Amino acid sequence: MAQFDVYANPSRTTKSFYPYLLDIQSPHLSELATRIVIPLGKRASFQDNAMQGLTPEIDFEDEKLLLLTPQISSIPAIQLQNPVGSLAHFRDQILGALDFAITGV
């Protein structure tokens, strides 16, 4: 598993709003049974609820998505199978959103 890999959301109940999960966990923590993830939500589903800096807009698989940083959580690593892509090229925006969530700056 690589940091910033994207996975299809395995939850049948939430995947219509959050089709993907972004793995943000450091590769140095690969021995843990869980992975830290941030859901990627369909931009159209969240209307005006985007917050600049905290929920950056990301284009992935021809969709406009929001990185829903306030909904950061963990998931058993076994539930994340076969990444569907990577957002490593959005590293600065992802780390900026995490920094903003923690420090407010």
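The values are calculated or read from the model by the stated rules, or taken from the named source; none is laboratory data. Since the structure is predicted, the reported quantities are computational estimates derived from the model, not experimental observations. Positions of Cβ are generated from backbone atoms using ideal geometry, with glycine treated the same way; all protein chains shown enter the neighbour counts.
Residue by residue through the range 4-26, note down the ones that are modelled with pLDDT under 95, within 16 Å of SER74 (Cβ to Cβ) and either in contact with a His (Cβ under 8 Å, 6 or more places away or on another chain) or of a type outside the set (Ser, Thr, Tyr) (or both).
The one that is modelled with pLDDT under 95, within 16 Å of SER74 (Cβ to Cβ) and either in contact with a His (Cβ under 8 Å, 6 or more places away or on another chain) or of a type outside the set (Ser, Thr, Tyr) (or both): PRO10.
Return the residues of the range 4-14 that are in a loop (DSSP other than H, G, I, E, B) and within 13 Å of the chain's Cα centre (by Cα); say none if nothing qualifies.
Result: PHE4, ASN9.
So for the range 27-38 (the condition being at pLDDT below 95, polar (S, T, N, Q) and closer than 12 Å to GLN3 by Cα), does at least one residue qualify?
yes
Does the range 15-29 hold any residues that are assigned to a loop (DSSP other than H, G, I, E, B) and either over 14 Å from the mean Cα position of the chain (by Cα) or free of Cβ contacts under 8 Å to residues at least 60 places away in the same chain (or both), and which are they?
Within the range 15-29, LYS15, SER16, PHE17, TYR18, PRO19, GLN25, SER26 qualify.
Given the structure, is ALA77 touching a helix residue (DSSP H, G or I) at 6+ places or on another chain (Cβ under 9 Å) and either of a type in the set (Lys, Arg) or surrounded by 11 or more Cβ atoms within 10 Å (Cβ to Cβ) (or both)?
Judged against the criteria, ALA77 is not a match.
So which residues in the range 75-105 are part of a strand (DSSP E or B) and under 11 Å from the mean Cα position of the chain (by Cα), if there are any at all?
SER86
Restricted to the range 39-66, and to residues that are part of a loop (DSSP other than H, G, I, E, B) and either within 13 Å of the chain's Cα centre (by Cα) or touching a residue at least 60 places away in the same chain (Cβ under 8 Å) (or both), which residue is surrounded by the most Cβ atoms within 10 Å (Cβ to Cβ)?
THR55
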